[in-house]
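See below for the structure under consideration.
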Amino acid sequence: MDKNLEIAALISRAEQDIKNAASVKDLDALRVCLLGKKGELTGMLRSMGSLTPQERPAFGQLINQARDEIEGFLSTREGTLKEKELAERLEQERIDVTLPTQLPRLGTPHPHTLVLNEVIDCFVGLGFEVVEGPEIELDKYNFELLNIPKNHPARDAQDTFYIDENIVLRTHTSPVQARVMLERKPPIRIICPGRVYRADEVDATHSPVFHQIEGLVIDKDVTMADLRGTLGAFARQLYGDNIKTRFRPSYFPFTEPSAEVDLTCIVCKGAGCRVCKDSGWIEVLGAGMVNPKVLEDCGIDSSVYSGFAFGVGVERITMLRYGISDMRWLYEGDERFLRQFS
Ligand code: DAH
């Protein structure tokens, strides 16, 4: 075949093949076949040896033109293919910014925290200050200064975790009273929330670790009426205006007189039900007038000052506040339970 025709045929076939190349990779393969060292065009160039010297320059020029043309086809096609491949990739990687995302899981305040905050708000509103004390406590503060000497029967009522002879895990928040009285001069108006420990088995109403809020007021002319007024305000804040308080005589070594304080049953509103054992009342705290012996032992002149104190179980008032029947729910961290308080 005439060499010129051969080149023309190669160009037109190359044009067709290049147009049909489906990817940049196919195109690279074609480039090698057509223009590479062992490619077709190079092969033709080599065949120049069979031409006469006069024919060679024109033929060489033709080959060069063919190379230019084929390179032109290649680069046009490459441009198109790259664009197409980019478009495809963008389509594949496309992000729908309107899709609703998965929200991060937010925690919720524990019911205990909610109640504690309410109680603190109430007492801060009445002019009290929040004070904390250590959970690992000296026997001296936990017992001695509260008029509970060694061998006092009241020690049996509180199954104590002893660390050694003189150090305990505090069994109540009352030791903070002693610490504050020793540190400050009256007037004193404090509440002390915190964790306390007793060697109790876990059940629906007991836990070896629980929480109390201690209250203490020391000033001139503080009376039982102040205690009643304060606890009444506290009960109404937590459970509503229709809640009444009832004081029953009781005994605590650190108060004299002492009382156990009941609230109108939150469940039956006083009518009588299973929760209040048909009495219409629920016991929620211990309280009383600070025993003059305690005042004196803590450096406060009992002929000038008097005071009242109270201790509330936080779990108990939280359970009553939200109708929680088993204390273990408060500790287990089950999200299905906790979410209900968000
Ligand atoms: N500390 C007592 C307890 O844990 C509760 C208590 C009773 C505290 C009477 C007081 C109080 O301040 O006056 O059982």
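Across the range 270-303, the residues whose backbone nitrogen lies under 20 Å from the label position 7 Å along the beta-carbon direction of T205 are 270-287. Using a 4.7 Å Cβ-Cβ cutoff, the cysteines of the chain lacking any partner cysteine are C33, C122, C192, C298.
Each Lys or Arg adds one and each Asp or Glu takes one away; over the other residues whose Cβ falls under 12 Å from the Cβ of L231, this sums to +1. Per-residue SASA remark: L182, around 80 Å² accessible (1.4 Å probe; ligands, DNA and RNA not included).
Cross-link check: pairs K37/K82; K220/K293; K150/K185; K25/K82 evaluated at a Cα-Cα cut-off of 20 Å; pairs beyond the cut-off: K37/K82; K150/K185.
When the Gaussian network model of the chain links Cα atoms closer than 10 Å, the mean-square fluctuations of A225, A22, A271 top out at A22. Taking amide H atoms as placed 1.01 Å from N in the peptide plane, the amide H of L285 lies under 5 Å from those of V261, each 5 or more residues away in sequence or on another chain. Just how far, in whole angstrom, is the range 297-337 from the range 144-169 if you go by their alpha carbon centroids? Answer, in whole Å: 20.
Restriction of the GluC sites (Glu not before Pro) in the range 178-276 to DSSP coil positions whose beta-carbon has at most 10 other beta-carbons within 10 angstrom yields E201. Share of pairwise Cα-Cα distances greater than 34 Å in the chain is 51 percent (whole percent).
Take every DSSP beta bridge whose two residues both sit in the chain, then give the antiparallel share in percent to the nearest 5.
Values: 43 of 45 bridges.
Roughly 95 percent of the DSSP beta bridges within the chain come out antiparallel.
Assuming R0 = 56 Å, can you tell me the calculated FRET efficiency for the pair S279 and I95, based on Cβ-Cβ distance, to the nearest 0.05? Efficiency computed from Cβ-Cβ geometry: 0.30.
Converting phi to 3J(HN,Hα) with the Karplus coefficients 6.51, -1.76 and 1.60 and the offset θ = phi - 60°, the range 254-266 yields 8, 10, 7, x, 10, 9, 9, 10, 10, 10, 3, 4, 5 Hz in sequence order, with x at every glycine or proline.
Suppose R0 equals 22 Å; then what is the FRET efficiency for T52 and E15 from their Cβ-Cβ distance, rounded to the nearest 0.05?
Numbers: r = 30 Å, r/R0 = 1.36.
The formula returns an efficiency of 0.15 here.
Just the protein heavy atoms count here, and of the accessible area of the range 3-92 at 1.4 Å, carbon and sulfur take up 55 percent.
Heavy atoms only, probe 1.4 Å: what % of the accessible area of the range 111-341 goes to carbon and sulfur, would you let me know?
Values: 5510 of 11070 Å².
Exposed carbon and sulfur together represent 50 percent of the surface.
Once you reduce the range 81-102 and the range 194-253 to the center of their Cα atoms, the two points are 64 Å from each other.
Annotation: per residue accessible area for the range 27-75 equals 61 Å², rounded to a whole number [probe 1.4 Å, protein chains only]. Using a probe of 1.4 angstrom and keeping all protein chains present, the accessible surface of the range 105-237 works out to 48 square angstrom per residue.
The values are calculated or read from the model by the stated rules, or taken from the named source; none is laboratory data. Computed from a prediction, not measured in an experiment: that's the story for all the values here. In this analysis, Cβ positions are derived from the backbone assuming ideal geometry, glycine residues included, and neighbour counts consider all displayed protein chains. The protein model used for the area step is the full one, side chains on, heavy atoms only, and it has no ligands, DNA or RNA in it. Shrake-Rupley method; radii C 1.70, N 1.55, O 1.52, S 1.80 Å.
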